[in-house]
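**Q** Pasting a structure here, questions to come.
None of the figures in this text is laboratory data; all of them are computed from the coordinates on show. Remember, it's a predicted structure, so these values are computed and weren't measured experimentally. Cβ atoms come from the backbone with ideal geometry, glycine included; neighbour counts cover every protein chain shown.
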Amino acid sequence: MMIEGLPFYVTAVFFLTTVATIWLLLIACRPAGRDSLAGRIVFFAIPFWLVTAGFLAATGFYREFTALPPRVPAFAVLPAAAFIIFLFLFFRQSFIEKLSLKALTLLHIVRVPVELVLLWLYTAGQVPRQMTFEGWNFDILSGLTALIVYFFGFRGGRVNRTLLIVWNLAALLLLFNIVTIAVVSFPGPAQRIGFDQPNIGVTYLPFIWLPALIVPIVLFAHLSSLWQLIFASKPQD
């Protein structure tokens, strides 16, 4: 089920942003090896979860706002979060520490078109103003600074650990900020803001891929980068 009356370009931009996010993640995975066990698991899990979450959204599953537990957090966000925990528990050295730090940093440029899509969804009455950069969401700064951090973070063939750690932590806080805003603006018992225009747009296909896929990938990129920068003896640039 799609959002009626939404301009086609909004859906097109979001779809391309989803493709770009997955593509950049797969580039980051190349040094870890696509034929490794973790690589094969990731290459299977991404399309599987893309189709599964999309199918559930198309059936209206995520729009049962009175259901307990809340369906978007429980059946879109939680499975992706559990998968990230799984990778960190069992594949830190064989996979996480071999990911391309450069690609993980560049991946965050997708946050710019994501924020434009959220603004368009707000204009269409599908998300509250607080979820946009006109409101309380400053996550676009992470995307706008990603190229700058990339340039200075890997300048001269060296990895500027301090810059990359500080930037990843700051961008991670911005990510947590918008996730919190999104959660408390969903219709239901936990709603605290956006009562006149709640967060319903991300329950439709393809926008369900924002909480189910893009946000977890962005989170994974931050956590993997920080793990390499803080704990690995030599980051995989």
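**Q** Once each part is reduced to its C-alpha centroid, what is the distance from region 14-58 to region 152-201 in angstrom?
**A** The distance from the Cα centre of region 14-58 to that of region 152-201 comes to 21 Å.
**Q** Rounded to the nearest 0.05, what FRET efficiency do F231 and S94 have when you use their Cβ-Cβ distance and R0 = 22 Å? Write down the numbers at each step before the final one.
**A** Values: r = 14 Å, r/R0 = 0.65.
According to the calculation, E is roughly 0.95.
**Q** Can I ask one more? With unit charges on the beta carbon (Lys/Arg positive, Asp/Glu negative), name the residue among L119, A171, V72 whose Cα is farthest towards the positive pole of the charge dipole of the chain.
**A** Working it through, the farthest residue towards the positive pole turns out to be A171.
**Q** Would you list S224, S36 from fewest to most Cβ contacts within 10 Å? Numbers along the way, then the final one.
**A** Values: S224 26, S36 15.
Fewest-to-most Cβ neighbours within 10 Å comes out as S36, S224.
**Q** Length gain on complete extension for the stretch R158 to F138, per 0.36 nm per residue less the alpha carbon to alpha carbon distance? List each step's numbers first, then the result.
**A** On the way: separation 20, 0.36 × 20 = 7.20 nm, distance 2.95 nm.
Between R158 and F138, full extension yields an extra 4.3 nm.
**Q** Another one. Take every Cα pair under 8 Å in the chain that's 6+ residues apart, average their separations, divide by the length, and report that relative contact order as a whole percent. Kindly include the intermediate steps, with their values, before the conclusion.
**A** Working: 302 pairs, mean separation 74.0, N = 237.
Once divided by the residue count of the chain, the mean separation gives 31 percent.
**Q** Using only the alpha-carbon atoms, how far is helix 37-58 inclined from the longest principal axis of the chain? Give it as 0 to 90 degrees, nearest 10.
**A** Taking the Cα atoms of the chain, the angle to 37-58 is about 10 degrees.
**Q** For region 54-203, what number results from the quotient of the Cα radius of gyration and 2.2 N^0.38 Å? Can you show the working numbers first?
**A** On the way: Rg = 17.6 Å, N = 150, 2.2 N^0.38 = 14.8 Å.
That works out to 1.19 for region 54-203.
**Q** Counting other beta carbons within 10 Å of each Cβ, put I181, I27, I148 in order, fewest first. Don't skip to the end; give the middle numbers.
**A** On the way: I181 22, I27 16, I148 11.
The fewest-first ordering by Cβ neighbours comes to I148, I27, I181.
**Q** Sticking with this one: Using the Cα centre as the reference, give the magnitude of the dipole from point charges on the C-beta atoms of the chain (Lys, Arg: +1; Asp, Glu: -1; all else neutral), rounded to the nearest 20 debye. Present the calculation step by step, with values, prior to reporting the outcome.
**A** Working: 15 positive and 9 negative charges, 156 e Å.
Dipole of the chain, to the nearest 20 debye: 740 debye.
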